[in-house]
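The block underneath contains the structure these notes are about, expressed in structure tokens.
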Amino acid sequence: MNILITGGTSGLGKATVELLVRDGHQVFFSYLATEEFTAVAKELETTYSNVKAIPLNFCETESVDGFCGKMKEWDLDVLVNCTYVGKPQNTYFHKTAPEDFMNAFEMNIIPTVKITQAAIEVMKKKKFGKIINIITEAVIGLPPMGYTLYACNKAYLMKLSDVINKEYTRYNITCNCILPAYMQTNFATVDERILEQMQQEHPLKKLLTVDEVAQSIKFFVDASQQVNGVKLPINAGTMLL
Amino acid sequence: MNILITGGTSGLGKATVELLVRDGHQVFFSYLATEEFTAVAKELETTYSNVKAIPLNFCETESVDGFCGKMKEWDLDVLVNCTYVGKPQNTYFHKTAPEDFMNAFEMNIIPTVKITQAAIEVMKKKKFGKIINIITEAVIGLPPMGYTLYACNKAYLMKLSDVINKEYTRYNITCNCILPAYMQTNFATVDERILEQMQQEHPLKKLLTVDEVAQSIKFFVDASQQVNGVKLPINAGTMLL
Amino acid sequence: MNILITGGTSGLGKATVELLVRDGHQVFFSYLATEEFTAVAKELETTYSNVKAIPLNFCETESVDGFCGKMKEWDLDVLVNCTYVGKPQNTYFHKTAPEDFMNAFEMNIIPTVKITQAAIEVMKKKKFGKIINIITEAVIGLPPMGYTLYACNKAYLMKLSDVINKEYTRYNITCNCILPAYMQTNFATVDERILEQMQQEHPLKKLLTVDEVAQSIKFFVDASQQVNGVKLPINAGTMLL
Amino acid sequence: MNILITGGTSGLGKATVELLVRDGHQVFFSYLATEEFTAVAKELETTYSNVKAIPLNFCETESVDGFCGKMKEWDLDVLVNCTYVGKPQNTYFHKTAPEDFMNAFEMNIIPTVKITQAAIEVMKKKKFGKIINIITEAVIGLPPMGYTLYACNKAYLMKLSDVINKEYTRYNITCNCILPAYMQTNFATVDERILEQMQQEHPLKKLLTVDEVAQSIKFFVDASQQVNGVKLPINAGTMLL
Amino acid sequence: MEREEIFSKLNEIFEDVLDLEEGANLTDSTTANDIEEWDSLSHIQLIVAIEKAFKIKFTSLEIMKWANVGEMVDSMESKLN
Amino acid sequence: MEREEIFSKLNEIFEDVLDLEEGANLTDSTTANDIEEWDSLSHIQLIVAIEKAFKIKFTSLEIMKWANVGEMVDSMESKLN
Amino acid sequence: MEREEIFSKLNEIFEDVLDLEEGANLTDSTTANDIEEWDSLSHIQLIVAIEKAFKIKFTSLEIMKWANVGEMVDSMESKLN
Amino acid sequence: MEREEIFSKLNEIFEDVLDLEEGANLTDSTTANDIEEWDSLSHIQLIVAIEKAFKIKFTSLEIMKWANVGEMVDSMESKLN
């Protein structure tokens, strides 16, 4: 299948690219054209013939619009919305500036909306498609302190997934969500002492890895279209412990 | 108690003002200074001595900021976030312009955030407060066709309520949500034939009224602080029928 | 209205009897005919003219069947299922004997089913009724250690409430659930040091009282029939803290 | 891995046996020793060397206890609770006899409890295990008319899964639930005209198959232990359409 | 079979299957909306009972198309006569 | 107005409101099941567009009763002629 | 009472209450993290068993303060001697 | 460094990080329970600020072991002197 993964040069995105590519899918992925990520992108493209990397900057309207323009050519079967701009933990709600609410929304929801709309245009025509949204376990119950922007934007995206179920299931387009617990990646850099503590308090005494989550993305890619509207938490059942 | 209700000149807001005023609370409410609403506001102020009406336009930054400036003087105990700018049903997700996502967020979430932050500043100091957010049953399960903006913004606000539970319960500030079904108000003007149909399909053969929902707002106002983090649907249990 | 409350001589049941009686309702309540409870029952009957106490032993089939036989005469408008036989915390799942599963089910679900069926017979005819089931916050997420029987039986009863919504809403019979956190009553006697600890860890530094929960029962009694299918947690929003 | 599947000679159980056997697992499955099922069991055993069939009758205490006695020898890694005695749809709650509540509980919950306890004894020792419970989408929201016994017993089993998460995650035992929509099997025989109708109303115009659900059982079997406490609905997202 | 004969037999069946104490009082314009006991579950029970009593068989198309009891009786008549 | 004239106008309206690129190709037996774009939301948009184009008004009863496009056109004819 | 005597008695109690087949092998630095069977539920069972066996009573403050078994034994010693 | 000197510096840091208008007034027995603003999020912010101000580094073990401010100051003293 033709699969687009946003943010394919690091963390979960990269793990997913590498997992799905080995299944022989044609994988497209976006990346932020920094020196570091460009190098990773090039390497992935040279290692695998069925991979194509496309630069994309969620923070620049032109970049996003240009990207969406290209999407039509890819005849997508699967879209994995993985990119998030910003870090999960910031400060308390009452210390978060209104502009920060605007910016976090504009840099995350708007690009995701545009990309998803472009994918749906294609999928509606071919009467087949799978949209997989990476959310976070923070949308379950009470999010950790300082998660205002991250938790609320992800909740918005999860509800958007319900909207997609309602409006596009009849076109044979599915939309499923994955709600992973904290994964140790560059995305969320945490004081190593907090990490140690998290690890000790973890029921399995080890943190979730991106590869473990990538496996569940693969599950949704391979699944029948009867698998739709799922919100899959991956948190060792600890959420409520 | 000192209570602020946003959007107090119509629909649910007006019904709530009239209900709480009779309990002897000092009620402040905001209203959009149109000719019609100004008349209603004045009438409420003249009818009840313990009511104060303050003009507020969610769509104008200065208006919102000026309003928040005044809030400090009111020594609020209760905030009821009731105002929503726009109508619930618009068009399909793939036909909704990205700008419309931005605008709906900017005219609804941002003002609500500013007002709630201003209220929390006061409540934190006095170590007491109640925030009541009016959401919608559309956040449960799959929203109706065309509800993209409304359902997603309300889901954002509901998750914000969880954040408030997490960060401010220790200051004895509670936050509860009410998820009402469709109420016949000016806010959501629906083709009368659709209305008739909704009524016929309603298990009680009559639609929900603003007074019935106002009663549940009163419940949260009167309740002990042990009542916190509740998401109260009022939909005749029909959501899943 | 004519209201039946099971277990009216102690804890939440007693608090509810005393609260609703003062609203002028005709209150019927069941009680286990021990010396202690009989005394309480008699006192309530002598204090209030609009109260009637009826002995009932959930553990004796004849007692339950006899009680259900009498119910027809009471022309009930409201049924509050409050009685639970056994204590919430016992031992681990793997140490719980299969017979204990049987007994807990037979002494709790079966009598509640019989009483509820008897109430529904009356309510169906008059096309009006309110059933209020007292569940527990332990049905949310993961229950505490040793709660196997209590949590599972309450989950059974909560799902039964959904069944009632599905099958009897059309007869104008509502069914709502209350999910209270731990209340200090004779029902759940806990080591006083655990109590102290619970209190210290409680976000409000004080435990939930039966009177606070009785207020929410009153809310459902007074509410419009549009309030249906609600699962109302009363846990200071601490469930997921 | 050593896997036990209850009810392996028909419907979902049989599909799961055949799927997992091909992955090289040592599969044990129980079957009701009717002529028909015995034939199927024998055939499976002769076709695959890594399959063992054991007769089991949920309705006979001795049969269940004898079965549990044997379990110790199997050194189980995975238990799939699949068997349900009775059909999903019966009659209305008010027409369901109390004895039927008792019987449905005794023939379904008690054997499942005994088998699960026997499995946990083994898994606790080896500090590894996976329990997969087959529930039903009827536990979500309001069940269909006439589902009282099925929906409530399944809700009981799902809450038991939470208990297992709470008490045994520390022993590296996971417990996940699958909530499938209606599957066309011998288990639930429905008037063919109802079937036709269900199919027409199905968003994919075809009903869920046991093979599609077996794939999700395989997902949980193969998954990391970080996948725990999941409630996976498989219903084409239609639940709330 | 006479239309009113069909109706009187139908009334019996409805009262029996839906246990209607006050009688069914079916007319051409009666719909499920008029009888609370008539729901998705009892509907199929009714169909089966009717087929048994009148020794006829309905198609799923018929079952779904009926807008009211009148239309149901129409298709019954067409089968009975 | 001729029935087929009504149909050709209807086709235009459907194609416009539901943006159907391959055309609506309405027949008497067409139902919402045959056109994915025809749902609860677009249905009312269609009604309003039709009423505007033909200068007629439907009752909620009519709107709900139609089993297919044919029946819709029937009630349109009765109003137009 | 000798510290090691306390420990040997404690080991018995732990093994009995938590049914530890391989023995408890408590040391000063042992914490609940080291014994899976030692959780919020069994903790209070342990406390009660210890109080009964040694005829002593702990305050809730003590119960919560202990960082490991060593600190628990310290407060036991202070009560026993 | 003098213990009370440490305390006065600590007070400043707490007031600054937790923006405490009425002052922190730390004592040996002060715990997170006594200061609402002191939570899991601000805790790590405090640690980082303290490490920066005193040019010291704590281990995760230390961070978790402290039962109150006094114990925190103890480990600070051991590093500073």
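The values are calculated or read from the model by the stated rules, or taken from the named source; none is laboratory data. Just so it is clear, the structure is predicted and the values come from calculations on it, not from any experiment. Cβ sites come from the backbone with ideal geometry, for glycine too, and all protein chains shown count toward neighbours.
Numerical summary
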{"quantity": "Some residue of region B:29-48 being in a strand (DSSP E or B) and surrounded by fewer than 20 Cβ atoms within 10 Å (Cβ to Cβ)", "calculated": "no"}
{"quantity": "Residue list for region D:148-157, restricted to those being facing another protein chain (nearest Cβ under 7 Å) and of a type outside the set (Gly, Ala, Ser)", "calculated": "D:Thr148, D:Cys152, D:Tyr156"}
{"quantity": "Matching residues, region F:43-64, being more than 13 Å from the chain's Cα centre (by Cα) and either within 14 Å of chain B (Cβ to nearest Cβ) or hydroxyl-bearing (Ser, Thr, Tyr) (or both)", "calculated": "F:Thr59, F:Ser60, F:Leu61"}
{"quantity": "Qualifying position, being away from chain A (no Cβ under 14 Å), more than 30 Å from F:Ser42 (Cβ to Cβ) and out of contact with any Gly (no Cβ under 8 Å at 6 or more places or on another chain), among B:Lys87, B:Lys70", "calculated": "B:Lys70"}
{"quantity": "Single residue of region E:65-81 satisfying the filter (hydrophobic (A, V, I, L, M, F, W, C) and more than 11 Å from the chain's Cα centre (by Cα)) that is nearest to the other protein chains (Cβ to nearest Cβ)", "calculated": "E:Ala67"}
{"quantity": "Set F:Ser60, F:Ser8, F:Ser78: member being under 23 Å from B:Gln200 (Cα atoms), small (Gly, Ala, Ser) and out of contact with any Gly (no Cβ under 9 Å at 6 or more places or on another chain)", "calculated": "F:Ser60"}
{"quantity": "Evaluation of C:Leu204 against (1) at pLDDT below 95; (2) more than 9 Å from chain B (Cβ to nearest Cβ); (3) crowded, with 17+ Cβ neighbours inside 10 Å (one fails), failing number", "calculated": "(2)"}
{"quantity": "Residues located in region D:225-238, provided they are farther than 30 Å from A:Lys205 by Cα and more than 7 Å from chain A (Cβ to nearest Cβ)", "calculated": "D:Asn235, D:Thr238"}
{"quantity": "Residues of region B:165-201 satisfying the condition of being more than 9 Å from every other protein chain (Cβ to nearest Cβ) and in a helix (DSSP H, G or I)", "calculated": "B:Met198, B:Gln199, B:Glu201"}
{"quantity": "Total residues in region C:50-98, condition in a loop (DSSP other than H, G, I, E, B) and touching a residue at least 12 places away in the same chain (Cβ under 8 Å)", "calculated": "20"}
{"quantity": "When residues of region B:1-35 are limited to those that are charged (D, E, K, R) and without any contact (Cβ under 8 Å) to a residue 12 or more places away in the chain, the one nearest to B:Pro180 (Cα to Cα)", "calculated": "B:Arg22"}
{"quantity": "Test result for B:Met198, touching a Leu at 6+ places or on another chain (Cβ under 9 Å), surrounded by fewer than 23 Cβ atoms within 10 Å (Cβ to Cβ) and without any contact (Cβ under 8 Å) to a residue 60 or more places away in the chain", "calculated": "yes"}
{"quantity": "Which listed residue, of C:Asn103, C:Asn153, is more than 17 Å from C:Phe28 (Cα to Cα) and surrounded by fewer than 20 Cβ atoms within 10 Å (Cβ to Cβ)", "calculated": "C:Asn103"}
{"quantity": "Residues within region E:46-75 that are in contact (Cβ under 8 Å) with a residue 12 or more places away in the chain, surrounded by fewer than 17 Cβ atoms within 10 Å (Cβ to Cβ) and aliphatic (A, V, I, L, M), tallied", "calculated": "3"}
{"quantity": "Residue within region D:202-210 that is within 17 Å of the chain's Cα centre (by Cα) and not in a strand (DSSP E or B) present", "calculated": "yes"}
{"quantity": "One residue from B:Ile110, B:Ile115, B:Ile135, B:Ile120 being over 26 Å from B:Pro98 (Cα atoms) and touching a helix residue (DSSP H, G or I) at 6+ places or on another chain (Cβ under 9 Å)", "calculated": "B:Ile120"}
{"quantity": "Hits in region C:213-224 (condition: surrounded by 19 or more Cβ atoms within 10 Å (Cβ to Cβ), facing another protein chain (nearest Cβ under 9 Å) and part of a helix (DSSP H, G or I))", "calculated": "C:Val213, C:Gln215, C:Ser216, C:Phe219"}
{"quantity": "Meets criteria (of a type outside the set (D, E, K, R), out of contact with any Leu (no Cβ under 8 Å at 6 or more places or on another chain), farther than 30 Å from E:Glu37 by Cα and crowded, with 22+ Cβ neighbours inside 10 Å) for D:Ile120", "calculated": "yes"}
{"quantity": "Long-range neighbours under 6 Å by Cβ, at least six apart or interchain, first residue within 14 Å of chain C (Cβ to nearest Cβ) within region A:112-141, second modelled with pLDDT of 95 or more and assigned to a helix (DSSP H, G or I)", "calculated": "A:Ala138/A:Ala151; A:Val139/A:Lys154; A:Val139/A:Ala155; A:Val139/A:Met158"}
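Here is a yes/no grid of residues against (1) touching a Gly at 6+ places or on another chain (Cβ under 9 Å); (2) not hydrophobic (A, V, I, L, M, F, W, C):
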{"site": "A:Ile194", "(1), (2)": "no, no"}
{"site": "A:Leu207", "(1), (2)": "no, no"}
{"site": "A:Asp211", "(1), (2)": "no, yes"}
{"site": "A:Pro233", "(1), (2)": "yes, yes"}
{"site": "A:Gly237", "(1), (2)": "yes, yes"}
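Residue-by-condition table, conditions (1) surrounded by 15 or more Cβ atoms within 10 Å (Cβ to Cβ); (2) within 24 Å of B:Thr169 (Cβ to Cβ); (3) in contact with a helix residue (DSSP H, G or I) (Cβ under 9 Å, 6 or more places away or on another chain):
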{"site": "H:Phe7", "(1), (2), (3)": "yes, no, yes"}
{"site": "H:Glu12", "(1), (2), (3)": "no, no, yes"}
{"site": "H:Val17", "(1), (2), (3)": "yes, yes, yes"}
{"site": "H:Leu20", "(1), (2), (3)": "yes, yes, yes"}
{"site": "H:Thr30", "(1), (2), (3)": "yes, yes, yes"}
{"site": "H:Glu36", "(1), (2), (3)": "yes, yes, yes"}
{"site": "H:Leu41", "(1), (2), (3)": "yes, yes, yes"}
{"site": "H:Ile44", "(1), (2), (3)": "yes, yes, yes"}
